[in-house]
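Notes for the one structure printed next.
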Amino acid sequence: MANLLKDLDIAQKAAVEQIDGPVLILAGAGSGKTRVLTYKVAYLISRGTAPENILAVTFTNKAANEMKERIIKLVGLLRSNLPYVGTFHAFCAKLLRIDGKFIGIPSGYLIYDDDDSLSLVKRIMKDEDISVKNFRPSSMLNAISSAKSELVNPSDYAQFARGYFSETVSRIYTIYQKTLHEINACDFDDLLMRTVELFNSEPRVFSKWASQFSYVLVDEYQDVNTAQYTLTKMLSSGFGNLTVVGDASQAIYSFRGADFRNILNFERDFPKSKIFNLEQNYRSSANILTAANKIISHNSSHPVLKLWTKNREGEKITIYNAQNEIDEANFVVDRVLTSAKPLSDFAVLYRTNAQSRTVEEAFLHANVPYRLYGGVSFYARKEIRDVMAYLRLIANPKDRVARNRIEKLGKGRMKKFDEMVEKLRVQKGQKSQMSQMLKPLKLIDKVLEATDYLMTIDDGTEQGLMRVENVKELKSVAADFENLGNFLESVTLMEGKVAPEKSYEQEKAESVTLMTLHVAKGLEFSDVFLIGMEEGLFPHSRSMLDAQQIEEERRLAYVGMTRAKQKLYLTYASNRFYIGLHSTNLVSRFVVDIPEELITAV
């Protein structure tokens, strides 16, 4: 066992060796969080704990697979003898197949994905004569999902429903859940909520599972929602040996229902808990770490770890004040091309999906391979393809592919579009040349107005708002063109430049990585560009008037900066044409927070 832990530092080793009782490991960015969790599982097994008595919960399948591989190497287990390592949802899905019958869930139950669930909500709304003009199906489904994450069932929801929207959600929720039951199906949120229901209603089943796991370990504890928090407490109640790992300074998923207060309340929930701080960072240079620490120190709603490192001081942080968004993108490309480092060492991070467009185009024009991690190329996004299909049909009424795509968005919307096009043609008096009479930007506005397309994609969620911003960013592209034909040709050529899909490993080895800051968590790169560091963009305008949201934006900046190992670039534009609007914004407060001695301006 001593040999097993020889590669751990003093704080990591102490956290691993504390196996009895509740343990909270506050692990700062780059401090070896996953390493400690993996070693603790291996340590338990080496001390004689049977693998089947250990439950390790992660938030992604990728993280679970990495943990499994490390455990196999550390203790030499066969894959078939591994402890349970996986996500909350996967664990609960397995549990319900075994014991769901006690609450009416057969072992062969179906699992509805998001598309299945949305289709069901749409059908219910149609059957109940609830207009999609007044209530978006996606908004209804999101409200139901949020309720389930908080363990609120249909009858409880009905008691607290106030107002037309909530009362309509309650009505749909009741039918939705009844329908799932009738067809022997569960959606993703049911996997957690109904497991809690099973434990509460069947004490013998609960006792069986609580007594099976003598050790429960949970990764990314700052990201758990109410259902996951409740399951954690229940599953660890048999022996009381619970280890959670997390960092409140990296809590960036409140829009998914995560509540970082769970990590703040750990000592209250488990009075005899032991707490370990992992504050030595193994990833970033001292200058990057000092700057990140300075920014996050302005947060007051949660404890902030004081990270330190033995790494060298490193280069200063480069700040670039671009003239506009094109100059900003060209700066990024230039720095990549003039470096001797492989492309895989670089990452470009941004606050919103729509920001990728100018960077993508700059890389395409320079023939620099890139990959969009956790997303798709700007022109390949569904909402962009939908709007482009409308425009293609205006240019060529015989385009069957475009018409088929639009028809799938709804017959009523298709009819309104056709009426709008015919009206424009009559007004212009030249049916065949109508697409040449109006500028692409004006045509996009006409299409969006006639079809209410933005209403269909704006469901009030973070993802919905990003889809809307993507469509508005398409207007930024269209503003540069005088006629529709040239615009369509340019977009088609841009799409054609995107490299064909490769395997994950091929892409990683040969490409610059582009991604949103939310997706970047858990990753690291030699050199990182954080672009769009402007007030209103980052921090985002939606957060400006809410102190709690500003703190989350600051945590997001902290996460982004600590992805960098050797070099960090922060860029902002004096003028920006973004989502169809010209703006002149102040430099982000997060840049202002960095001490001058850590900065070099270019």
Q | In segment 243-345, lysine pairs closer than 24 Å at Cα, eight or more apart or cross-chain | A | 7
Q. When the accessible area of the chain is split by element with a 1.4 Å probe, what percent falls to carbon and sulfur?
A. 50 percent
Q.
When only alpha-carbon atoms are used, what values of Rg and Dmax, in angstrom, describe segment 446-498?
A. 13.0, 34
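Rounded, prolate or oblate: which fits segment 197-265, taking a ≥ b ≥ c as square roots of the Cα gyration tensor eigenvalues, rounded meaning a/c under 1.5, else prolate when a/b beats b/c?
Numbers: a/c = 3.43, a/b = 1.77, b/c = 1.94.
Here segment 197-265 falls in the oblate category.
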Q: Report, by chain and number, residues whose modeled amide H sits under 5 Å from the one on residue 278, excluding near sequence neighbours (fewer than 5 apart, same chain).
A: 26, 27, 28
Q. How many percent of all Cα-Cα pairs in the chain sit more than 49 Å apart?
A. 16 percent
Q) Which shape class, rounded, prolate or oblate, goes with segment 11-78 when its Cα gyration tensor gives a ≥ b ≥ c as root eigenvalues, a/c under 1.5 marks rounded, and past that a/b bigger than b/c marks prolate? A) oblate
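Rounded to the nearest angstrom and ordered from largest down, what semi-axes does the equivalent ellipsoid of segment 291-406 get from its C-alpha gyration tensor (root of 5λ)? Write out the running numbers ahead of the final one.
Working: eigenvalues 304, 81, 34 Å².
Square roots of five times the eigenvalues give 39, 20, 13 Å.
Which peptide among 141-151, 30-40, 395-405 comes first, and what is the full order, when sorted by highest mean count of other Cβ atoms within 10 Å?
Details: 141-151: 20.1, 30-40: 23.3, 395-405: 14.4.
Result, highest mean first: 30-40, 141-151, 395-405.
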(Q) If you take every DSSP beta bridge fully contained in the chain, what fraction is antiparallel? Give it as a percent rounded to 5. (A) 10 percent
Q. For residue 220, which sequence-distant residues (separation of 5 or more, or a different chain) have an amide H within less than 5 Å of its own amide H, given hydrogens modelled in the peptide plane?
A. 245
**Q.** Bins of 10 Å from zero: percent of alpha-carbon pairs in segment 331-389
**A.** 19, 52, 23, 5, 0
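Once every DSSP H run of n ≥ 4 in the chain is given -39500 (n - 2.57) and the sum is divided by its residues, what mean residue ellipticity at 222 nm do you get, rounded to the nearest 500 deg cm²/dmol? Mind showing how you got there, number by number?
Values: 28 runs with 300 residues, N = 602.
My calculation for the chain gives -15000 deg cm²/dmol from helical runs alone.
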Q: With only Lys, Arg, Asp and Glu charged, each at its Cβ (+1 for the first two, -1 for the last two), find how big the charge dipole of the chain is about the Cα centre; round to the nearest 20 debye.
A: 840 debye
Q | the chain: angle of helix 547-561 to the longest principal axis, Cα-based, in degrees nearest 10 | A | 80 degrees
**Q.** At q = 0.18, 0.23 Å⁻¹, base-10 log of I(q)/I(0) for segment 93-199 (Debye sum, equal scatterers on each alpha carbon)
**A.** -0.85, -1.29
**Q.** Positive dipole terminus of segment 1-94, leading residue within 28, 71, 41 (C-beta point charges)
**A.** 71
Q. Against the longest principal axis of the chain, how steep is helix 61-75, in degrees 0 to 90 to the nearest 10, with axes from Cα atoms?
A. 30 degrees
Q: Put one equal scatterer on each alpha carbon of segment 171-285, apply the Debye formula with no solvent term, and list log10 I(q)/I(0) at q = 0.12, 0.16, 0.20 1/Å to two decimals.
A: -0.56, -0.89, -1.17
Q) To the nearest Å, what is the center-to-center distance of segment 326-341 and segment 157-193, using C-alpha atoms only? A) 50 Å
Q: Please name whichever of 84, 235, 273 sits farthest to the positive end of the charge dipole of the chain, dipole taken about the Cα centre and charges placed at Cβ: Lys and Arg +1, Asp and Glu -1.
A: 84
Q | For the chain: relative contact order, % (alpha-carbon pairs under 8 angstrom, 6 or more apart) | A | 18 percent
Q: Give, as a single signed number, the net charge of other residues whose beta carbon lies under 15 Å from the beta carbon of residue 159, with Lys and Arg counted +1 and Asp and Glu -1.
A: -1
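Using Cα pairs closer than 8 Å and at least 6 residues apart in sequence, work out the relative contact order for segment 1-140, in percent.
On the way: 103 pairs, mean separation 22.8, N = 140.
Relative contact order comes out at 16 percent.
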Q.
Nearest 10 degrees is fine. How inclined is helix 356-365 to the longest principal axis of the chain, computing both from alpha carbons?
A. 70 degrees
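Suppose all protein chains stay in the model; what accessible area per residue would a 1.4 Å probe give for the chain, in Å²?
Values: 26960 Å² over 602 residues.
Value for the chain: 45 Å² per residue.
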Q.
How large are Rg and Dmax for segment 447-602 when calculated on the C-alpha trace, in angstrom?
A. 18.2, 54
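The values are calculated or read from the model by the stated rules, or taken from the named source; none is laboratory data. It should be emphasised that the depicted structure is a prediction, and the values quoted were computed from it without experimental measurement. Every residue, glycine among them, receives a Cβ derived from its backbone with ideal geometry; neighbour counts consider all protein chains shown. Side chains included, ligands, DNA and RNA excluded: accessible areas come from the protein's heavy atoms. Shrake-Rupley method; radii C 1.70, N 1.55, O 1.52, S 1.80 Å.
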